[in-house]
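Everything below concerns the one structure shown next.
The numbers here are math on the coordinates, done by the rules we state, and not lab data. The shown structure was predicted, so the numbers you read here are calculated from the model rather than taken from an experiment. Positions of Cβ are generated from backbone atoms using ideal geometry, with glycine treated the same way; all protein chains shown enter the neighbour counts.
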């Protein structure tokens, strides 16, 4: 069987098209490595494959997480381990595609062995964040571990809750766990074919701008309305999707169509720049491809 194929790159760089093209070469399964494409309510706004595209070749880990949940790299790694096992058993080549560099790094380099956190402990800290506020949580973290508190911004709810739940559940800080010996990676880099898509900046911006217009007018606005109707906490990952806030403002009458599109395009271009910078610095040994 062919080696697994890993396709990384910034948003709108052509990753999904390349994955479909390579999947046509033989029995394959396309596996998501994008931290936002996992959410059920974000098909259009995260440019997930369409239902027709998903019917052409098996797709896994797309839209399988409820919008109200907080998905993590550790959970993705566990999910992808199951998918790789299934692909091996069925003789299909895994084509892992996405823009979340941290997922690829965890896959090919391993991650710190932090034990699973009991749901009741996580729920307790989430409830305290709601009831007492982030300033209180940051103070509690500083009391338990000044060095850990120095690593976390007082406004960063996700990392505050994570730091406190790890201490609560294990008696050790996240930094202590991260300093421990990292297990062997699930898929060493040398065992896979790898590529980072790196189109010219002007071409990438053109694709981003054109795509966001289509998103806004071909289902994105309806997705924004549906997410707003769910009444989810604004700090949930699904509520931080790029371009979601401008379209929610459009749906609520707080912005016009042109303004919402311009804001969404600008947010996406800024996001693509952050992705490209991360991939350049954190995955320097991966071959680069400039799609035509």
- Message: Using alpha carbons only, how many angstrom separate the centre of segment 108-135 from the centre of segment 203-235?
- Response: 29
- In nm, what is the difference between 0.36 nm times the number of residues separating residue 3 and residue 81 and their Cα-Cα distance? 26.5 nm
- What FRET efficiency would be calculated for the residue pair residue 288, residue 88, taking the C-beta separation as r and a Förster radius of 30 Å, to the nearest 0.05? 0.55
- Task: Name all residues of segment 216-249 having a backbone nitrogen under 12 Å from the label point set 7 Å from the Cα of residue 274 along its Cα→Cβ direction, giving them as ranges.
- Result: 240-243
- Note on the structure: Rounded to the nearest 500, the 222 nm mean residue ellipticity computed for the chain from DSSP H runs (n ≥ 4, each -39500 (n - 2.57)) alone is -16000 deg cm²/dmol
- Task: Can you figure out the FRET efficiency of residue 230 with residue 184, using R₀ = 41 Å and their beta-carbon distance, to the nearest 0.05?
- Result: 0.55
- Query: How high is the FRET efficiency from residue 258 to residue 40, r the C-beta distance, R0 51 Å, rounded to 0.05?
  - Reply: 0.95
- Message: Can you bin every Cα-Cα distance in segment 201-275 into 5 Å intervals starting at zero and give me the percent of pairs per bin, rounded to whole numbers?
- Response: 3, 17, 27, 25, 17, 8, 2, 0
- Message: Whole angstrom only: what separates the Cα centroid of segment 251-280 from the Cα centroid of segment 1-47?
- Response: 21
